[in-house]
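Any read-out appearing in this document is the output of simple, stated calculations on the displayed coordinates, not a laboratory observation. This one's a predicted model, so the numbers in the text were calculated from it and none came from an experiment. Because the Cβ atoms are built from the backbone with ideal geometry, glycine has one as well, and the counts that use them run over all protein chains shown.
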Amino acid sequence: MLKELVSGKQRKQTVAVKCNGMIIDLSTPLVEDTVLELIPVQSEAGVEILRHSTAHIMALAVKELFGEQVKVAIGPSIEDGFYYDFDRGKPFSPDEFELIEAKMTELANARLPFVRQEMSRQEAIGFFKQLDEIYKVELLEDMEADTVSLYTHGGFVDLCRGPHVPDSSWLKVFKLLRVAGSYWRGDEKRQMLTRIYGTAFADKKELQQYLTRLEEARKRDHRKLGKQLALFTIQDQIGPGLILWQPRGAQLRRLIEDFWKDEHYRNGYQLLYTPHIARQDLWKTSGHLDFYSENMYSPMEIDEVMYQLKPMNCPFHIGVYSADKHSYREFPIRWCELGTVYRYERTGALHGLMRVRGFTQDDAHIFCRPDQLENEIFNIIDLNLHILKTFGFDQYDVYLSTRPQKYVGSDDHWELSTQALKQALEKKGLQYQVDPGEGVFYGPKIDIKIKDQLGRSWQCSTIQVDFNLPERFKMTYTGDDGGEHQPIMIHRALMGSLERFIGVLIEHYAGAFPLWLAPEQARIMNITDDQHAYCEKVYAQLRTRGLRIEKDVRNEKLNYKIREAQLMKVPYMLIVGEREKEEGTITVRKRDGQNLPAMTPDAFFDLVIEECSRLVV
């Protein structure tokens, strides 16, 4: 056995081993000489095994507590934790977590071994039918493998590839977090299950740190702050996943859009505007009906012709390209658009601004010659990182996603595209990970996942190389040889969608945006009605000069007004009393409570301009 080869201190820290590139249990028998790599429980792979095993122990605890009528579905490890789906007949409640956790602790202390066995798929189907585990039976019936593996611990047997910890004594640092509804296999027409989420770590300190981060994340929840700061609303009478931007949110969005447009103009892009619908035939030509139809809304008939809402902007940009003939001398052509698209997301997947049904992409398409491809990718990366840094994101992970199983185009084009992306990353000196098979159906891509103040990763930026659409739409340009050639198309989004990006910004800054980005930079308030007229004068003076300022001249106590401005995360409060009125000044208070010396309105305006110039990279 492998565990016999791991001794002493290593045995206490080693949860599995890597053998010939595959991570396996310590209980696996060795049949030939091989080089082994130990997997410490503190490693990323070790923690994933720990969490997967904890999901199994939770399932055993639930079965023992609530009886055999509870059916189990699937229970994988996920980023930061694990979950298990149950069919109980009624939902579980967080009020039951304490009971389940106590039973899990009891099972952990029992040192139950995780025992692996293999059997034929048909035997396994019969086995789980006897247990009346209908979800396991369905999974097995859809598998193609002849042999499957099962894991037993205590009285619980689960269909699972593994690996797992040696025994349940490794599973003592865990916490159940929340419940959610989950349709079986993601199908809204199937059974609604209860999903219990939890997390597990190798030591208590890491768990406590995680729970602290989780509490901070709750405070930063963009849905809560979006309501508190009056940025956006979602209403049932309009429809789930459809965002209504309130005035303050619209101001924030305008600031982002204006900055985006200015930066693109400086980098040689031209702005486009395109429709929201198109004839269905366009989506047939583009291939979206073949590869993306489940995410598209149902067609509508107009003048006896079928139309569909756009899920992408790219075919429209090709339409602009096709309006004229093009020469190699024009390239590269860089077109950008803040284009609103519509994609069907299941109700259970919708989440504030992060997952919606109608959203605006910060989209762009570059048409270039093969000899320009690498340099264009390099330029996109530069602009991408500049924009992310300006918004406060200087930590990120980079992924190179390669050809998926289902794809279009020639292998030569895929190889050329992948190498161009790879070389651009390497010349830029960026560390990256290869994400095998995660490219889009028409080409490989670079994904950049930004990290926020809590260290969470968010997928925003993507750069994709495409030979497929130019071929489908028969796009050409006249080369220096006088012949017709096919251009290369680069799809590119830096923020992803404005909705999602703004949601990330809200949580990154906890709603306290930097001054240049704050929808309301200052709020002026009077102490008594005697300063009302002076307050109005200063307000008009600063607003005319472009300051984003609001006023609060209500007959309320000053402390009440200050408190309200602080709750709205306003960077500066301008306080006007009798002395300020007589001297033609304002007293400036920052949102953190710091008071600045009295100054003239002009001096405050200069202070804002200087501070904004420092904040914008």
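Some points to look at:
- FRET efficiency estimate (nearest 0.05) - Cβ-Cβ, GLU484 to ALA349, R0 45 angstrom: 0.55
- The chain: relative contact order in percent, alpha carbon pairs under 8 Å with at least 6 residues between: 9
- Label assignment, percent of Cα pairs over 46 Å apart derived from the structure, set (1) 13; (2) 54; (3) 32: (3)
- Take every pair of alpha-carbon atoms less than 8 Å apart whose residues are at least six positions apart; their mean separation over the length of region 289-360 yields a relative contact order of 31 percent.
- If you take the Cα centroid of region 114-158 and the Cα centroid of region 177-200, the two points sit 21 Å apart.
- Here the label points at ASP606 and HIS326, each 7 Å from Cα along the C-beta direction, are separated by 5.0 nm in the simple model.
- Net charge dipole size for the chain [Lys, Arg +1 and Asp, Glu -1 on Cβ; Debye, nearest 20]: 1720
- From most to least packed by mean Cβ count within 10 Å, the peptides 69-78, 443-452, 120-129, 332-341 give 443-452, 332-341, 69-78, 120-129.
- For region 416-481, the list of GluC sites (Glu not before Pro) that fall in a loop by DSSP and count at most 16 other C-beta atoms within 10 angstrom reads GLU438.
- Pairwise FRET efficiency - ARG190 versus ALA102, Cβ, R0 = 30 Å, nearest 0.05: 0.40
- In order along region 35-41, the phi-based Karplus estimate (6.51 cos²θ - 1.76 cosθ + 1.60, θ = phi - 60°) of 3J(HN,Hα) comes to 8, 10, 10, 6, 10, x, 5 Hz; Gly and Pro are listed as x.
- For q = 0.13, 0.17, 0.18 Å⁻¹, Debye-computed log10 I/I(0) when each Cα of region 43-214 counts as one equal scatterer: -0.62, -1.08, -1.21
- Segment ASN375-TYR297, length gained on full extension (0.36 nm per residue, minus Cα span): 24.4 nm
- Relative contact order (%) - region 43-214, alpha-carbon pairs under 8 angstrom, separation at least six: 29
- Between ASP146 and SER410, full extension at 0.36 nm per residue minus the direct alpha carbon distance yields a gain of 91.7 nm.
- Amide N of region 355-382 lying under 16 Å from the label point, which is placed 7 angstrom from the Cα of LEU242 along Cα→Cβ: 356-360
- Ranking GLY437, ALA424, PHE393 by how far each Cα lies toward the positive end of the dipole of region 370-474 (charges on Cβ) leaves PHE393 at the top.
- Packing-based ranking, highest mean first, of 135-142, 212-219, 47-54 given that Cβ atoms within 10 Å are counted: 47-54, 135-142, 212-219
- Theoretical FRET efficiency, 1/(1+(r/R0)^6), r = Cβ-Cβ of LEU271 and PHE66, R0 51 Å, to 0.05: 0.30
- Computed from backbone phi, the HN-Hα couplings of region 222-229 come to 5, 5, 5, 5, x, 6, 4, 8 Hz, rounded to whole numbers (Karplus: 6.51 cos²θ - 1.76 cosθ + 1.60, θ = phi - 60°; Gly and Pro given as x).
- Under-5 Å amide H pairs with ASP25, H placed in peptide plane, nonlocal only: HIS164
- Other-chain or far-sequence residues with amide H under 5 Å of ARG523's (modelled H): GLU550, TYR572, MET573, LEU574
- Degrees, to the nearest 10: 247-266 long Cα axis against longest axis of the chain: 90
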